[in-house]
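Bear in mind these aren't lab numbers, they're just calculated from the coordinates by the rules spelled out. Everything quoted here is computed from the prediction, not taken from an experiment. Cβ placement follows ideal geometry from the backbone for every residue including glycine, while neighbour counts extend to all protein chains displayed.
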Amino acid sequence: MGVLSFEQVRKSYDGLRAVDGVSFEVRPGEIFGLLGPNGAGKTTLIRMLMDIIRPDEGRILLDGRTSWDTDKDRIGYLPEERGLYRKQRVLEVLVYFARLKGMGRSDAKKAAQAALERAQLEGRSRARVEELSKGMQQKVQILSTLLHDPDLVVMDEPFSGLDPMNVRLVKELLHELKAARKIVVLSTHQMALVEALCDRIAMIDRGRLVLYGTLSEIRRAHSTNAILVTGDGDWSSFRTVQKAEGEGQKACLVLREGCAARDFLMEAASRNSLPESYEMSETPLEEIFIRVVEDRR
């Protein structure tokens, strides 16, 4: 499957612009994070991608085409709200969803049994969905999304309700999709998982694209000019240091505008006060997220 592209996509509801001229692309073989605060327009973008609603303007292209009705069996979609039939048995639900995507009954049943075994749910195959815990239901929902081996996978908050063991399982599944060069779009508020999993991200706020690129590109553009040092030193007295924070042997030094780590080290050497160690400080993605949103308020 080729590139997924959003080109100047717009959507309004009763005069309110939910998505406003958003453009980005998602490439095969990457996990792409779609981020934003509540009400930013992420769900509207996903619904347009899934052809649940149509854009007012702009295009969404897959393999360079605006229409892929014949390819919908190649798409796996995990909505944030569960869509399982609560009175049905787990195996029956998985087979049903797989058959909706074009799998034969025999192949669907084999795939479902193998997936349940991998997710350690084989003993619950005949249980009714409503009898499962929230985390187990989430795993069944994820399995139903992937059972037909889709080429495009869209997951909205896949880690909701999962314990650490099952978070690891889902991370493994996502890495396998990436290795198989699938297109993966991941929407989540869990920034630590975005940092661990995503190759590139797009952040939407008030319907507009406000961040887009690889994690390293975004950090370079939005991180503070800071270094982490260990050792004794009156760091706050350095002309290259704007602010020093920390306790004991460790400190975070925010350098003055126009100063680099090299300038700090040259000053430290001239004062015979070199730190025992130093490293560049990376601003967490969550802090960048909050800063960008607050700056737009």
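When LEU147, LEU265 are sorted by how many other C-beta atoms sit within 10 angstrom of their C-beta, beginning with the fewest, the order is LEU265, LEU147.
Multiply the residue gap between GLU25 and GLU57 by 0.36 nm, knock off their C-alpha separation, and tell me the result in nm, one decimal place. Each step should come with its number before you reach the end.
Numbers: separation 32, 0.36 × 32 = 11.52 nm, distance 1.69 nm.
So the chain would gain 9.8 nm between GLU25 and GLU57.
Straight Cα distances below 19 angstrom link LYS87 to the aspartates and glutamates GLU122, GLU130, GLU131, with same-chain residues fewer than 8 positions distant left out.
Taking neighbour Cβ counts within 10 Å as the exposure measure, how do ARG54, ARG59 sort from fewest upward? Don't skip to the end; give the middle numbers.
Working: ARG54 9, ARG59 13.
Placing the least packed residue first, the sequence is ARG54, ARG59.
Among VAL167, VAL9, VAL194, a tally of other beta-carbon atoms within 10 Å of each Cβ gives an order, fewest to most, of VAL167, VAL194, VAL9. Over the C-alpha trace of segment 102-160, radius of gyration and Dmax come out as 11.8, 31 angstrom.
Greater than 30 Å separation of Cα atoms is the criterion. Which listed pairs, LYS171/LYS243; LYS42/LYS182; LYS134/LYS171; LYS42/LYS72; LYS72/LYS178, meet it?
Values: LYS171/LYS243 38 Å; LYS42/LYS182 21 Å; LYS134/LYS171 18 Å; LYS42/LYS72 21 Å; LYS72/LYS178 20 Å.
Flagged as over cut-off: LYS171/LYS243.
For segment 224-281, the square roots a ≥ b ≥ c of the C-alpha gyration tensor eigenvalues yield an a/c under 1.5, which makes the shape rounded. Placing dummy labels 7 Å off each Cα toward the beta-carbon, the span from GLN120 to THR283 is 4.0 nm.
Comparing mean-square fluctuations of SER125, SER187, SER273 from a GNM of the chain with C-alpha springs under 10 Å, the top value falls on SER273. Spin-label model, ARG220 to GLU80: label points 7 Å out along the Cα-to-beta-carbon direction sit 3.3 nm apart. Where does the longest stretch of the chain lie that holds no GluC sites (Glu not before Pro) found in a DSSP loop with 11 or fewer other Cβ atoms within 10 Å? Longest site-free region, per DSSP loop and neighbour criteria: 82-256.
In percent, how large is the relative contact order of the chain, given Cα pairs closer than 8 Å and 6 or more residues apart? Walk me through the numbers on the way to the answer.
Working: 520 pairs, mean separation 61.7, N = 297.
Result for the chain is 21 percent.
Ignoring aspartates and glutamates fewer than eight residues from LYS101 along the same chain, the ones with Cα atoms less than 13 angstrom from its Cα are ASP69, ASP71, ASP73, ASP149, ASP151.
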